[in-house]
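Chemist: Quick one: the structure is below, and I'll ask about it shortly.
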Amino acid sequence: MMLILNFVFGYRTIMPRPEPSHLFLAACAFAAGCGAGGATPDAGGGIFVAYASAFEGFHDWPSAPAMPASTLPPPPGGDGVDAATPNDAGTPNDAGVHVLPLTVYWKVPAVPPGSQTFPLRTIIVKETDEADLTARKIFAMVKRGGDFNPTGAVNWEWFELQNTVDSGIVINWRGYGPPSGSSDVYGGNPAICNTCHLIAAADDDVWSSAVQLAKF
């Protein structure tokens, strides 16, 4: 190990040079503290920020027809998995983007027995069934942790995704819900995701019958 010789108050002091691994760990700890913005880690530890790569290949994940769980309150809107309450014209306020048929896909890490919440890194994707992949509506919820979305479905982050012509995936928007300036017809209601999914609070805000905690 290399030594640095230094003189302090007339005495020769021998100080070891920090090992690279120590410097790396310290840098990571600092970056994690800053990058999290002071957020509290999820109960399982950590914060998971999903990028487009996290959704790649979701068509190969476990999947099932998306149906609301019978153990939860009836979803408002009638025929949708979690459609919002219809407006005066009888049209769901989410513009029918969750009207069946839909397919739900999931990637769920190991769930501790008796857990009341899904673990960090859980990803749930719902997709319509148009033959043209690029025409499909895709929404996702990701267990981000860190007390994200504190006034809504806590620790969940919402996404709208888009299939690309080369079988890739891009993120149209992400966050607490659709941005108010979104060109989507439901974009005028940024709270719509939280409002509806909180009705499914008994299963950690997840509607789909195939993705209930008791099944993991």
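The values are calculated or read from the model by the stated rules, or taken from the named source; none is laboratory data. As the structure is a prediction and not an experimental result, all values here were calculated from the model. For neighbour counting, all protein chains shown are included, and Cβ atoms are generated from backbone atoms with ideal geometry for every residue, glycine included.
Chemist: Just one of Ala69, Ala64 is touching a helix residue (DSSP H, G or I) at 6+ places or on another chain (Cβ under 7 Å), over 20 Å from Thr164 (Cα atoms), exposed (fewer than 15 other Cβ atoms within 10 Å of the Cβ) and at pLDDT 85 or above; which is it?
Modeler: Ala64
Chemist: Give the residues of the stretch 127-180 that are assigned to a loop (DSSP other than H, G, I, E, B), in contact with a helix residue (DSSP H, G or I) (Cβ under 8 Å, 6 or more places away or on another chain) and surrounded by 22 or more Cβ atoms within 10 Å (Cβ to Cβ), sorted by residue number.
Modeler: Listed by number, the residues that qualify are Ala153, Gly177, Pro178.
Chemist: Search the stretch 131-158 for residues that are within 22 Å of His98 (Cα to Cα) and pair each with any residue that is surrounded by fewer than 16 Cβ atoms within 10 Å (Cβ to Cβ) and of a type in the set (Asp, Glu) when their beta-carbon atoms are under 6 Å apart and the residues are at least 6 apart or on different chains.
Modeler: The qualifying pairs are Arg136/Glu130.
Chemist: While we're looking at this one, here's another question. Which ones in the stretch 95-126 are hydroxyl-bearing (Ser, Thr, Tyr) and either surrounded by fewer than 22 Cβ atoms within 10 Å (Cβ to Cβ) or on the phi > 0 side of the Ramachandran plot (or both)?
Modeler: Thr103, Ser115, Thr117
Chemist: I've got another one for you. Go through (1) hydroxyl-bearing (Ser, Thr, Tyr); (2) within 23 Å of Met67 (Cα to Cα); (3) at pLDDT 90 or above for Thr195 and report which single condition fails.
Modeler: (3)
Chemist: Regarding Thr40, is this residue out of contact with any Lys or Arg (no Cβ under 7 Å at 6 or more places or on another chain), modelled with pLDDT under 50, part of a loop (DSSP other than H, G, I, E, B) and polar (S, T, N, Q)?
Modeler: Yes; evaluated as a whole, the condition is true for this residue.
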